[in-house]
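Input: a single structure, listed below in structure tokens.
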Amino acid sequence: MEKRFQPDLLKELTLKMLSTAKKNIKEGVDSLANKDADLAEKIISEDRLIDDLELEIEEFCIKSLKTVSRDEDIRLVSGIWKLITDIERIGDYATHVAEAAKVLASKPTLKPLIDIPAMADSVVDMISKCESALSSYDVTYLDSIWETDARIDALYDQVFRELLSYILETPRLITNAIYLAQVARYLERAGDHATNIAERIFYIVTGKKIKRGKPYYKSLVEEV
């Protein structure tokens, strides 16, 4: 006998995966700012939790496709199946931030960290809004997602320019600058993946596709 589809359990697992990725992004940058190598190591080891959840949710989706028939349930299963890849990538970026934090923990501080924590806070905010939208099926939580992503992009450009000037002016600290530039890039990419998640959730809830917050239409030409 086939088990009945459990949409609440699927959402619960996905929200757990989102929450873990969000926590790791925040704590990854905390470990960098506080030169906390132990916290960084903890985040690196916890990446396995996100990978395990991805596999569990994927298996759940595969089995659920055999039982679902309503359009909204099909959207939920197919949408979550796709967005967990984006969550997993955010988890990977959090791990990369923690790896950089371990290296930089024993090195002199290049500059006060202001923009990089601000980028992390914005990524965390985007993920929180995705969690709220998915748990409540209310897409108004996503209204500011794309504006926040644009702020992250602008901060990344600013960080990159500043670090480039440090490299030119203080070559002996080039390693520090390169690692910080990589961290900023990881956070910028995490923001892009959070945007993808928001677009998937919008589709799950409404059945409509959007790109960068605008309706997305694609013409399909069928050749006879």
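With the condition kept exactly as written, say whether any residue in the range 180-192 is acidic (Asp, Glu), modelled with pLDDT of 95 or more and open to solvent by less than 30 Å² (accessible area, probe 1.4 Å). The answer is yes; a qualifying residue exists. In the range 122-137, the residue that is farthest from the chain's Cα centre (by Cα) out of those that are in contact (Cβ under 8 Å) with a residue 12 or more places away in the chain and open to solvent by 10 Å² or more (accessible area, probe 1.4 Å) is Tyr137. Would you call Pro117 part of a loop (DSSP other than H, G, I, E, B) and either open to solvent by less than 40 Å² (accessible area, probe 1.4 Å) or at pLDDT below 95 (or both)? So Pro117 does not fit the description; no. Residues in the range 131-180 that are on the phi < 0 side of the Ramachandran plot and in a loop (DSSP other than H, G, I, E, B): Asp138, Asp143, Ser144, Thr170. I want to confirm something. Restricting to the range 99-113 and keeping residues that are open to solvent by 60 Å² or more (accessible area, probe 1.4 Å) and at pLDDT 95 or above, which single residue is farthest from Ile204 (Cα to Cα)? The qualifying residue farthest from Ile204 (Cα to Cα) is Lys102.
In the range 184-203, the residues that are more than 15 Å from Ala154 (Cα to Cα) reach residues that are aliphatic (A, V, I, L, M) and open to solvent by 20 Å² or more (accessible area, probe 1.4 Å) with C-beta atoms within less than 6 angstrom, at least six apart or across chains, in these pairs: Phe202/Val139. Within the set Arg48, Arg89, Arg70, the sole residue that is among the basic types (Lys, Arg) and touching a residue at least 24 places away in the same chain (Cβ under 8 Å) turns out to be Arg89.
I'm trying to understand the selection: among the residues of the range 70-82, which are of a type in the set (A, V, I, L, M) and surrounded by 17 or more Cβ atoms within 10 Å (Cβ to Cβ)?
Passing the criteria: Leu76, Val77, Ile80.
Residues in the range 194-210 that are open to solvent by 20 Å² or more (accessible area, probe 1.4 Å), out of contact with any strand residue (DSSP E or B) (no Cβ under 6 Å at 6 or more places or on another chain) and either hydrophobic (A, V, I, L, M, F, W, C) or not in a loop (DSSP other than H, G, I, E, B) (or both): Asn196, Arg200, Tyr203, Val205, Thr206. Could you list all residues from the range 19-45 that are open to solvent by 60 Å² or more (accessible area, probe 1.4 Å), without any contact (Cβ under 8 Å) to a residue 60 or more places away in the chain and part of a helix (DSSP H, G or I)? Within the range 19-45, Lys23, Asp38, Lys42, Ser45 meet the criteria. Among the residues of the range 202-216, is there at least one that is farther than 19 Å from Val97 by Cβ, at pLDDT 95 or above and of a type in the set (A, V, I, L, M)? Yes, that holds for at least one residue. Put simply, of Thr85, Thr95, Thr67 the only residue that is open to solvent by 60 Å² or more (accessible area, probe 1.4 Å) and either of a type in the set (Ser, Thr, Tyr) or not in a helix (DSSP H, G or I) (or both) is Thr85.
The values are calculated or read from the model by the stated rules, or taken from the named source; none is laboratory data. Everything numeric in this text was worked out from a predicted model, so none of it was measured. Heads up, the Cβs are rebuilt from the backbone with ideal geometry, glycines too, and the neighbour counts pull from every protein chain shown. All accessible areas refer to the heavy atoms of the entire protein, side chains included, with ligands and DNA or RNA removed. Shrake-Rupley method; radii C 1.70, N 1.55, O 1.52, S 1.80 Å.
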